[in-house]
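The values are calculated or read from the model by the stated rules, or taken from the named source; none is laboratory data. If you're wondering where the values come from, they're calculated on a predicted model, not measured in any experiment. No Cβ is skipped: glycine too gets one built from the backbone with ideal geometry, and neighbour counts run over all protein chains shown. The area values use the complete protein model at the heavy-atom level, side chains included, leaving out ligands, DNA and RNA. Shrake-Rupley method; radii C 1.70, N 1.55, O 1.52, S 1.80 Å.
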Amino acid sequence: MMKKQLILGAIATSVLTLGTAVIAPSADAFSLSASSLETNGNPDAESSWFDISLKTNGDGTATFSFGNVIADGNGTKISTIYFGDDDYFSSIFDTSGTVSFDGSTSPGTNYSFDWSASGGSQISNNNGGAWQVVSSADPKNGSNKSTINPGDILKVTFDLVNSSTSDADLLAAFVSTPQKLGVAFHVQSIEAQGYSEWYEALPIHNPVNVPTPAAVLPIIGSMIGAASRRKSASEESESNA
């Protein structure tokens with residue numbers, strides 16, 4: 001009897017663990033992975049040098065974070081940051097509001113915001129026309145200190161039109177067809193020759209594809225059924241011994 005109870009307990013624990021693992025979203029579900037837009041034939045910087053993320057803050061705002069990682073060989077700087085696409089962007093982010101900046105690791109990192117961005121044609125020309133630049137964050141004086149250097153993190157916070165907008169709402173827009181939300185940035189000082197390149201950032205995971213509890217039930221049911229059959233077979237074997 002004790003053996004049977006232990007088996008049933010293990011089955012229950014496995015089922016609960018599976019349910020939790022399948023239902024819970026990944027801890028890094030809202031990270032954005034950078035990739036070169038290949039606008040020229042020059043060497044690119046390592047994409048892993050750039051740590052980009054997005055989250056809602058629970059207070060009617062959402063924050064993009066742009067980090068330039070300290071790494072061997074990384075002498076780059078992130079300069080202008082670009083945001084789009086027009087229709088969705090203006091329906092999600094309050095374009096009449098004030099954007100706030102937090103140079104959380106460097107007091108010299110100093111940016112301003114442009115709601116009517118110019119430039120960035122390389123982005124729309126090299127991302128398959130997925131989205132158009134509509135706004136940008138620019139280093140105020142263009143100097144090395146003003147940009148995002150290795151070890152620096154710049155946080156750009158927007159007011160949301162609808163305070164109930166969720167992380168999943170924002171990130172679903174990145175993976176929709178057509179793409180409804182985009183972010184890219186210009187990287188300078190690549191290698192000793194001072195090459196430059198534009199990078200787009202896209203979600204590492206799609207948070208919309210997290211299964212619902214209803215989707216997990218058939219999986220749990222099949223586990224319980226299989227466990228029950230094994231238990232019955234074990235009892236029959238013991239009785240025939």
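Return one whole number: the accessible area per residue of segment 94-157 in Å², for a 1.4 Å probe.
48 Å²
In nm, give the distance between the simple-model label positions of residue 55 and residue 40, each being 7 Å from the Cα along the Cα-to-Cβ direction.
That separation, rounded to one decimal, is 3.6 nm.
Within segment 73-157, what whole-number % of the accessible surface is contributed by carbon and sulfur, with the 1.4 Å probe and all protein chains included in the calculation?
Heavy-atom surface of segment 73-157 belonging to carbon and sulfur, 1.4 Å probe: 41 percent.
Filter the trypsin sites (Lys or Arg not before Pro) in segment 102-206 to those in DSSP coil with at most 12 other Cβ atoms within 10 Å of their Cβ, and list the result.
Listed in order of number, the matching sites are 140.
If I model a spin label at residue 167 and residue 87 as a point 7 Å from the Cα along the Cα→Cβ vector, what separation in nanometres do I get?
Between residue 167 and residue 87, the label points sit 2.8 nm apart.
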